[in-house]
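So the structure is just underneath, and the comments pick up after that.
The values are calculated or read from the model by the stated rules, or taken from the named source; none is laboratory data. What you are looking at is a predicted structure, and each value in this text was computed from that prediction instead of being measured. Reconstructed Cβ throughout: ideal geometry from the backbone, glycine too, with neighbour counts over all protein chains shown.
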Amino acid sequence: MSRTVLVTGGAGFVGSNLCVALAAHHPDWRLVAFDSLHRRGSELNLPRLYAAGVRFVHGDVRQAGDLKEAGPFDALVECSAEPSVLAGASGSRDFVMETNVVGAHRCFELAACYGAQLLFLSTSRVYPIAGLEGLALDEQETRFALASDQPMPGASAAGIAEGFPLAGRRTPYGASKLAAELLLGEYDVPWVINRCGVIAGPWQMGKVDQGVFTHWALSFHLGRPLTYIGYRGSGKQVRDLLHVEDLALLVDEQLCDPGAWAGATLNVGGGAACSLSLLETTALCRELSGRDVPLGSEPQTRPGDVPVYLSDCSSLFARTDWRPRRSPREVLADIFDWIATNEKLLGSTL
């Protein structure tokens, strides 16, 4: 069935990879990427979009008039966001709230106008910090691990499930994404919310505040120093990771069967089986790059950080045969291959 799919944030890391993958899987679909190109490096994705036959529309999700230039459409994948976990932590919160709340509202309104399916890419950062900080941990040689007995519902050794309590502070970024989730629940369109853990892979312009695994790989490739921040400077904090192409397969499945996914809010991530501490990431980067970099240690933990986050995807797995296909080593190896292939391009941008 031929469809028109609008991907907002379509020149960003996730959005561009989704556009390219969907265009390859469905040559009869019309893919439209909408992006303001605000985030440095997003302009590098434009040639990829054009080569894949994806139409690009330059505009701002905060402006309803801009969005209308991209319509009409049958489905909207809402990837637009200020993605930094540090956004609004100090200084003005205007941009993160206007983009992640007002911009999402504009997208939802337009999807409702067309009666379109809506996939919203949310984040694990909707779960409050105090609850995650209060989890029972076992300190192991290279990482913190979640204990089998936990003081909070929705938490286990497998990670954080959707039933984890949402009361409490998070970050301006996390609050903005949760606010957008609540707004989406007011719309009578077939919607699904994917609360993603750390997404990684090629074409991510890794920074310390967003894209930590790519940031680590880039630093090793370029010989830049790195620092373990917080938790005594141990490097034992853990995140799960999901290759962006694995995410694309799930989004494809959701787009192809709107009714089966309508109204679902689901954790999407690598889970315990595909997770790394910073110490473990360093060891893998040494192996894959064949080099070392200076490593510093900053004991003070940053506001908003948590020692462990793992996505418990049991609810998702009960609905589908989809599973993450790539291991942490495969994700990092793919990133290193992309960096080596595009070193000159990246050097001029980053």
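Some notes on this structure:
- Residue ID - surrounded by the most Cβ atoms within 10 Å (Cβ to Cβ), chosen from residues in segment 291-324 that are acidic (Asp, Glu) and under 26 Å from residue 196 (Cα atoms): 312
- Some residue of segment 148-162 being over 22 Å from residue 235 (Cα atoms) and crowded, with 21+ Cβ neighbours inside 10 Å: yes
- Restricting segment 162-200 to residues that are among the aliphatic types (A, V, I, L, M) and not in a helix (DSSP H, G or I), the residue that is nearest to residue 216 (Cα to Cα): 200
Conditions tested, residue by residue: (1) without any contact (Cβ under 8 Å) to a residue 12 or more places away in the chain; (2) of a type outside the set (Asp, Glu); (3) not in a loop (DSSP other than H, G, I, E, B).
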| residue | (1), (2), (3) |
| --- | --- |
| 255 | no, yes, yes |
| 301 | no, yes, no |
| 305 | no, no, no |
| 315 | no, yes, yes |
| 320 | no, yes, no |
| 325 | no, yes, no |
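- Taking the criterion of being part of a strand (DSSP E or B) and over 20 Å from residue 233 (Cα atoms), the residues of segment 104-147 that qualify are 117, 118, 119, 120, 121, 122, 123.
- Filter pass, residue 4 being polar (S, T, N, Q) and touching a Pro at 6+ places or on another chain (Cβ under 8 Å): yes
- Hits in segment 207-225 (condition: buried (at least 20 other Cβ atoms within 10 Å of the Cβ) and part of a strand (DSSP E or B)): 210
- Checking residue 182 against (1) more than 16 Å from residue 305 (Cβ to Cβ); (2) touching a helix residue (DSSP H, G or I) at 6+ places or on another chain (Cβ under 9 Å), the condition it does not meet: (2)
- Residue match in segment 271-290 (condition: surrounded by fewer than 17 Cβ atoms within 10 Å (Cβ to Cβ), outside any helix (DSSP H, G or I) and of a type outside the set (Val, Ile, Thr)): yes
- Taken over segment 1-39, residues that are closer than 13 Å to residue 56 by Cα and acidic (Asp, Glu) amount to 1.
- Cβ-Cβ under 6 Å pairs, at least 6 apart or on other chains, segment 128-150 side on the phi < 0 side of the Ramachandran plot, far side in a strand (DSSP E or B) and among the β-branched types (Val, Ile, Thr): 143/238; 144/238; 144/308; 146/308
- Check on residue 120, crowded, with 23+ Cβ neighbours inside 10 Å and either over 19 Å from the mean Cα position of the chain (by Cα) or modelled with pLDDT of 95 or more (or both): yes
- Scanning segment 42-78 for residues that are touching a Lys or Arg at 6+ places or on another chain (Cβ under 6 Å) and either of a type in the set (Lys, Arg) or assigned to a loop (DSSP other than H, G, I, E, B) (or both) yields 61, 74.
- In segment 81-101, residue nearest to residue 60 (Cα to Cα) [restricted to those that are free of Cβ contacts under 8 Å to residues at least 24 places away in the same chain and in a loop (DSSP other than H, G, I, E, B)]: 92
- Residue within segment 231-239 that is β-branched (Val, Ile, Thr) and surrounded by fewer than 23 Cβ atoms within 10 Å (Cβ to Cβ) present: no
- When residues of segment 27-57 are limited to those that are basic (Lys, Arg) and at pLDDT 95 or above, the one nearest to the chain's Cα centre (by Cα): 48
- Scan segment 60-91 for residues that are crowded, with 18+ Cβ neighbours inside 10 Å and closer than 19 Å to residue 4 by Cα and the total you get is 11.
- Index of the failed condition, residue 346 passing every other in (1) outside any loop (DSSP other than H, G, I, E, B); (2) modelled with pLDDT of 95 or more: (2)
- Residues that are surrounded by fewer than 24 Cβ atoms within 10 Å (Cβ to Cβ), part of a loop (DSSP other than H, G, I, E, B) and in contact with a Phe, Trp or Tyr (Cβ under 7 Å, 6 or more places away or on another chain) within segment 1-37 comprise 2, 3, listed in sequence order.
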